[in-house]
Amino acid sequence: MIPNYAKIFTYLVPWKSNSVHFGGHKGLQRGLGFEYKSNVSLIDYPDARRMDLRQTLRDPYEQVQVRIFNQDNTTPIFAVCDLSSSMQYRGNVRKLDQAKEIAASIAYSASETGDLFSFIAYNEHVIEELTLPLSHHLHLAFETIAQLDDYEKMRVSSEGILDVPQYLSQNKSMVFWLSDFHMPNHLIEQAFNAMSAHQIVPIVLWDEHEYKKLPKFGFGNMIDPETGASRTLFFRDSVRKQLEGAFAERKEALETLFSRFDTQAIYISGKFDADAMSHYFEEYMSL
């Protein structure tokens with residue numbers, strides 16, 4: 001059964017796949033597709049259905065010409081999910097619950113496109129029992145991702161992102177990185193360098209209660225993004241403005257870092273919008 005929180009969106013792959021398997025993306029293999037590649041003689045490519053009468057009449061060697069096309073191929077799709085302490089933050093919803101819905105939507109969209117899907121969870125290391133190898137088994141993907149409901153481990157870091165590249169495909173893949181990115185910039189940079197053979201789509205999960213809907217005056221609890229420990233702060237106007245400014249600076253720093261690796265982030269602070277995800281690919285990754 002498909003969970004009601006799994007929503008289909010349309011993603012575009014901005015490169016030609018070198019897979020030999022038929023799929024929904026432009027590829028490098030010749031075969032049944034719509035992207036014209038070239039003309040060859042019928043002897044070299046014996047498919048009379050593709051005969052090109054005009055080029056045949058023009059051929060000085062009087063050979064029958066056929067048109068060949070690039071086959072549409074598959075692309076490996078990965079959802080890489082941060083399970084460090086800060087992802088337990090709960091504002092309107094818990095960040096990991098958001099991640100669960102988005103990961104399930106990625107799996108569903110990959111299945112509908114005919115692509116292979118893999119889910120990789122990590123905190124200080126890759127979490128093997130919450131990691132699914134590339135496959136077409138959609139319901140197994142849903143079952144694996146649904147285990148995030150019961151995941152509540154605290155006081156764990158995000159260093160395991162550096163172990164993720166060894167779990168990725170040798171072929172160029174689309175990697176959706178789900179995290180709040182409350183980690184050192186040098187760690188993000190190391191991860192991007194290690195995954196440079198792939199197309200990374202950062203999905204930044206921030207909650208408005210972290211930086212916008214803060215208490216105006218009085219005591220309130222904040223979760224330390226690195227340790228997951230709860231801290232009690234006395235909020236007043238200056239403290240609130242300081243926190244808002246820190247998040248604005250953090251967003252600017254992230255965007256600068258992402259741009260160095262030719263990618264744009266998707267910021268999600270409320271309910272997941274599948275149409276907004278489709279729009280992201282239309283705007284930033286159209287061929």
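Summing charges over neighbours of Gln88, with a neighbour being any other residue whose Cβ is under 9 Å away from its Cβ, gives +3 when K and R count +1 and D and E count -1.
Glu129 to Asn171: FRET efficiency via 1/(1 + (r/R0)^6), r the Cβ-Cβ distance, R0 30 Å, to the nearest 0.05?
With R0 = 30 Å, the Cβ-Cβ based efficiency is 0.70.
Would you mind getting me the FRET efficiency between Tyr5 and Arg260? Use the beta-carbon distance for r and R0 = 35 Å, nearest 0.05.
Step by step, r from the Cβ atoms, then E = 0.55.
Between Ala246 and Glu112, the contour length at 0.36 nm per residue exceeds the Cα-Cα span by 44.2 nm. A straight chain from His186 to Ser278 at 0.36 nm per residue would run longer than the Cα-Cα distance by 30.1 nm.
A short reminder: the numbers here are calculations on the coordinates, not readings from a lab. Nothing here was measured: the structure is a model prediction, and the numbers come from that model. Backbone-built Cβ (ideal geometry, glycine too); neighbour counts: all protein chains shown.
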